[in-house]
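Colleague: Structure in structure tokens, see below.
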Amino acid sequence: MQPAVRTIRNRIHAPRAVPLKRLRFWLICLFFILWAAAISGRLFWLQIVRHQEFVARAEKQQRRTFEVAPRRGILFDRNGHELAMTVQVDSIYADPTAIDDKQTAAHALAAVVHTDPDDDETTEAQIAARLTSGRSFAWIARRVTPAVSAAVKALNLKGVYFDKEFQRFYPDNEIAAQVLGYVGIDDAGLAGLEQRFDAQLHGAPGRMYAAMDARRKVLGSTEREPQPGRNMVLTIDENIQFLAERALDHAMDRTKADNGTVVVQDVHTGQILALAIRPTFNPNQFRHSAPGLLRDHAVSDVYEPGSTFKLVTYSAALDQHVVTPDDILDCHGSVITVAGRVIHDDKGDHFGRISVHDALAHSSNVGAIEVAMKMGPERFYQYIRAFGFGARSGIELPGETRGLLSPLNRWSGSSIASIAMGQEVAVTPIQLSTMVSTIANGGVYLPPHILMPTQPSATDPNQKGAAPQPAPVRPGEEVPDPLPEGAHRVMATLSSAQMRKMMEGVVLFGTGKEAQLNGYSSAGKTGTAQKIDPATHKYSKTMHVASFAGFAPVNNPMIAVAVVIDNPRGNYYGASVSAPVFAEVAQQVLEYLGVPHDTELHAVRAKDKQNAVHEDEDAGSDNAAYAFSTAANELPSDDPLRAAAQQQAMQQAKVPASAAGSVHASPAQPAATGQAVSATPANAAAQPTTRAVMLPDVKRLRVPSLTGLPMRKVIEQAGAAGFEVQMSGTGLCRQQSPDPGTMVPAGTRIQVRCGR
Amino acid sequence: MAAMTTGYYETGRTWSARIAEHNAALLAQQEMRRRRIRTPEFFLAKNFDNSRLVKAPDPVRMREMRIFGAALTVLFSLVMVYGLQHFYAIESSYHVEQEKQLRDQLREENRQLHLTQAELTQPGRIDSMARQLGLSTPQPGQVIHADARPDSATPAVAQAIAPAPPAQ
């Protein structure tokens, strides 16, 4: 008992080494310290030691890199109208893993997207196959129309999504189709300029680095901007192209030819204003086009020019002073023998001694041969090459051929005779028009171009999205001085003037009467060439190429037109088939360009009236619509505006007549005095009463100064002044084009470059 | 527990009444157990009057506490500013992305409109519509240009003028 009690007493009364309270305190502290140390250590391990690892994982999870496709460059005509441009359209794709009933979905989608029977990719079977392929991504349809896109959205199918892709559109459809070409499904040019300049038009892709949250929303992104394709400006005038194609359509309807080509060229610059080819295709629907339609006959096809090549013969002879227009040639009754080969003129011709200009006017083969033989093959060959034959012109179209011209050392004894009349040589329509342009502009060969010369923009040389400044065709231009690269003088100015007169004689007195214009002088040469029969390798008696090459007006030429109709049915002579096409094209183009008339206007011929009526009937105007529109355009007899309109007409007619040196005096006066075209009462029902149509002076405004203004002020001031604005950059306006103070037509687009 | 158990099977008494009865029974049991304890227990009550005690002012500590409080306030403000900025930046980035998308959308609409304009102004369409309205190709010399250098790029607005009456 006592030891136990003593122990208890000792236990009660002996002092403790560590007080109990302090021990407990430090034990708890130690626990918390260890806990905090564990947390800190873990934090250190995660945020310091494994920092890079987690940053990489976060980036992988949150950051996405997208390739941003570049936008293809725009093709403009010379007036700034879009001929080809790229916009975004919807493409439909699906996540098959999110679709429960794939067959039903495929059926519903195919019913909406399968709009083209020839498209095998959007059939129900194809869609179903892609949905059941086991992948997590499947295209349903690419580049669909807005209507199809809206219809698919209305289906509200789970697992079906939309994406944006670029699609190329050609708003003018078939116009200049072979020149423009088309673009395939992968935005690659496959023909025409689209193919030739695919690298420049395509651009370079960019990249977008985006940070995405848990809901896959982009919460921040940095972009390396894609470099869009370069915009290109063609020398083509959209309206002239339409006029040329319409005239060619008329000719094709008449002749049922295999194909036809019309080239309209500016004689002072060599720029191609129109290049019409039939048959043609719609670049928007290239899948439905036969491969043969893609061929650009103007540069890729050669043909024997026939009598049109006599222009080269006579030009060379005149320039070499071998002959003069009034010299007399002995055509030996339209028969000549050269190196054992007997050559005749056209059947029905029996020319004896005729002048040089008559020989050209009546297209005497013998006369051309006589002239060529006087010149000799060496000099003749030099002029042929100088006119650009036998070599590529360098025009910016793919597939250009240089034609066929035997080198001089391979000429036979009769080659000079054959070539003089356009055989044994093959040319392209572009070469033919360029030759005529050379004669028309005073004897200077200017290489043909389909692209406008690159001009550094006044605002930003690298500006990609800006619309170009219009560069319309202006009458009265001269050959550039100094001459551009590739240009050279072929013949003297006097020789070319003599040649122009002789060509005018062809139209006035010779085989080219159908090429006469109303109010304008014209000059040219017809050509009818036999084609080689591929079966017999001899000249065919049934297959011909009818051509006409000419220019107008004569004294101050503006345009050269070459018309080539391949294998017309029925009448195959160039004088009957191609010359009327030239007349139709040249007449309308000169009127469109506002070229002053240089000859007296005469009443519209009966055939022209019938053609006009036929044209109107073909356009589908019925009598009711016509009567309504006529009534709408006619002012009532008691309308006070009618008297005012008459007074204004008289005043306006006097103004141009009184202008010193104005070339509009002659056409204005006939219109004012009623001597111009007027419909007879008998034709009033079928043809509207012709009245002069006044195009008033274009309202011009002064370009305001925008330099130093912020962007908002620039837009406000330009809009208030009646101008459009094309901005680039940000900040204050640093440069503008046109310059301040320039008088420009209202609505002109001012290009502004801003900077900070 | 016993009360609850008892109450579970009995009715007619409230819960508090049953608790009070149970407590009384426990107290009676404690008193019975207390009677068996031999050691006397004395309960002494000691009253403490702490009204004379006041907390001594400690200016140093007060100053330290104020400085500490101010530092905490500054730290809190910094954290709040940083946090607000951080989340505001995130919100702004969402907004910027929205504006970017809107800008791209408007640019694309602009291009679409340009395309529509080009389609509507194509010469073939204008020509066919003009013919449907009864218009025809102007005859040679019918169009008079008042401008000496007509610009084919500029849209032209024509006005018809009647031919002048014959001279009398």
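Colleague: Which value in nm describes the separation of the simple spin-label points at A:THR222 and A:LYS347, placed 7 Å from the Cα toward the beta carbon?
Modeller: 8.3
Colleague: Another question, if that's okay. At a Förster radius of 56 Å, what calculated FRET efficiency corresponds to the Cβ-Cβ distance of A:VAL335 and A:ALA603, to the nearest 0.05?
Modeller: The pair A:VAL335/A:ALA603 has a calculated efficiency of 0.85.
Colleague: What FRET efficiency do you get for A:LYS541 and A:ALA746 if R0 is 45 Å and r is their Cβ-Cβ distance, rounded to the nearest 0.05?
Modeller: 0.15
Colleague: Let me ask something else about it. Can you pull the three principal axis extents for the Cα set of segment A:357-399, in Å, largest first?
Modeller: 39, 24, 14
Colleague: For each of A:GLU724, A:GLU370, count neighbouring Cβ atoms within 10 Å of the residue's Cβ, then give the residues from fewest to most.
Modeller: Neighbour counts put them in this order, fewest first: A:GLU724, A:GLU370.
Colleague: Mind giving me the FRET efficiency for A:ARG42 and B:GLU119? R0 is 51 Å, r the Cβ-Cβ distance, nearest 0.05 is fine.
Modeller: Taking R0 as 51 Å, the efficiency between A:ARG42 and B:GLU119 is 0.15.
Colleague: Ok, one more. How big is the Rg/Rh ratio for segment A:700-755, C-alpha atoms only, Rh by Kirkwood, two decimals?
Modeller: 0.92
Colleague: Just rank A:LEU248, A:LEU709, fewest to most, by other beta-carbon atoms within 10 angstrom.
Modeller: A:LEU709, A:LEU248
Colleague: To continue, here is another question. Hey, fewest Cβ within 10 Å first, where do A:PHE66, A:PHE548 land in order?
Modeller: A:PHE66, A:PHE548
Colleague: Follow-up question, since we're still on this one. So which chymotrypsin sites (Phe, Trp or Tyr not before Pro) in segment B:36-86 end up in coil per DSSP with only 16 or fewer other C-beta atoms within 10 Å?
Modeller: B:PHE42, B:PHE43, B:PHE48
Colleague: Rank by packing, highest mean first: peptides B:126-135, A:130-139, with packing defined as the count of other Cβ atoms within 10 Å averaged across residues.
Modeller: Order by mean packing, descending: B:126-135, A:130-139.
Colleague: Shielding of B:109-116 by partners, i.e. mean partner chain Cβ atoms within 10 Å per residue?
Modeller: That works out to 4 on average.
Colleague: Going toward the positive end of the dipole of segment A:69-203, with +1 on Lys and Arg Cβ and -1 on Asp and Glu Cβ, which of A:GLY192, A:ASN156, A:GLN167 do you reach last?
Modeller: So the residue furthest toward the plus end is A:ASN156.
Colleague: Using θ = phi - 60° and the Karplus relation 6.51 cos²θ - 1.76 cosθ + 1.60, list the HN-Hα couplings for segment A:329-339 in order, rounded to whole Hz, with x at every Gly or Pro.
Modeller: Computed from phi, the couplings for segment A:329-339 are 10, 9, 8, 6, x, 6, 9, 8, 10, 10, 6 Hz.
Colleague: Taking amide H positions as placed 1.01 Å from N in the peptide plane, with prolines and chain starts having none, which residues 5 or more places from A:GLU724, or on another chain, fall under 5 Å of its amide H?
Modeller: Those lying under 5 Å, H to H, from A:GLU724 are A:GLY747, A:THR748, A:ARG749, A:ILE750.
Colleague: Stretched out fully, how many nm does the piece from A:GLU378 to A:ALA214 gain, at 0.36 nm a residue minus the Cα gap?
Modeller: 50.8 nm
Colleague: For a label point 7 Å from the Cα of B:GLN112 along Cα→C-beta, name the residues of segment A:59-96 whose backbone N is under 14 Å from it.
Modeller: Answer for segment A:59-96: A:87-91.
Colleague: Where q = 0.24 Å⁻¹, what log10 of I(q)/I(0) comes from the Debye formula for segment A:182-281, counting one point per Cα?
Modeller: Here log10 of I(q) over I(0) equals -1.17.
Colleague: Per residue, what volume in Å³ does the Cα convex hull of segment A:226-313 take up?
Modeller: It comes to 167 Å³ per residue, whole-number rounded.
Colleague: Any chance you could list P(r) for segment A:340-380, counting all Cα-Cα pairs in 5 angstrom bins from zero, rounded to whole %?
Modeller: 5, 22, 30, 24, 14, 5, 0
Colleague: Right, next: Averaged over A:241-254, how many beta carbons belonging to a partner chain fall within 10 Å of each residue's beta carbon?
Modeller: What the average comes to for A:241-254 is 1.
Colleague: Let me ask something additional. Please give the residues of segment A:71-99, grouped as numeric ranges, whose backbone N is less than 17 Å from a label point set 7 Å along the Cα-to-Cβ vector of A:SER300.
Modeller: none
Colleague: If you don't mind, another one. For a label point 7 Å from the Cα of A:VAL68 along Cα→C-beta, name the residues of segment B:83-109 whose backbone N is under 16 Å from it.
Modeller: It comes to B:96-109, nothing else.
Colleague: Moving on. Mind pulling up the Rg/Rh value for segment A:50-122? Radius of gyration and Kirkwood radius, both on Cα.
Modeller: Reported Rg/Rh (Cα atoms, Kirkwood Rh): 1.21.
Colleague: While we're looking at this one, here's another question. Under 5 Å between amide H atoms, partner at least 5 residues away or on a different chain: which partners does A:ALA692 have, H built in plane at 1.01 Å?
Modeller: Distant-sequence amide H within range of A:ALA692: B:ILE161.
Colleague: For segment A:108-189, take the convex hull of the Cα atoms, compute a quarter of its surface area, and give me that in nm², please.
Modeller: Taking the Cα atoms of segment A:108-189, their convex hull projects to 6.6 nm² on average.
Colleague: A follow-up question, please. For A:LEU494 and A:GLU124 in one chain, what is 0.36 nm times their gap in residues minus the Cα-Cα distance, to one decimal in nm?
Modeller: Gain on stretching A:LEU494 to A:GLU124: 125.9 nm.
Colleague: Follow-up question, since we're still on this one. Given an 8 Å cut-off on Cα distances and at least 6 residues of separation, report the relative contact order of segment A:475-571 as a percent.
Modeller: 20
Colleague: Quick one: which residues, 5 or more positions from A:ILE236 or on another chain, have an amide H under 5 Å from its amide H? H modelled 1.01 Å from N in the peptide plane, none for Pro or chain starts.
Modeller: For A:ILE236, the qualifying residues are A:ARG78.
Values quoted throughout were computed directly from the atomic coordinates according to the rules given, and no laboratory measurement underlies them. No experiment lies behind these values; they were computed from the predicted model shown. Every residue, glycine as well, gets a Cβ built from its backbone with ideal geometry; the counts of neighbours run over all protein chains shown.
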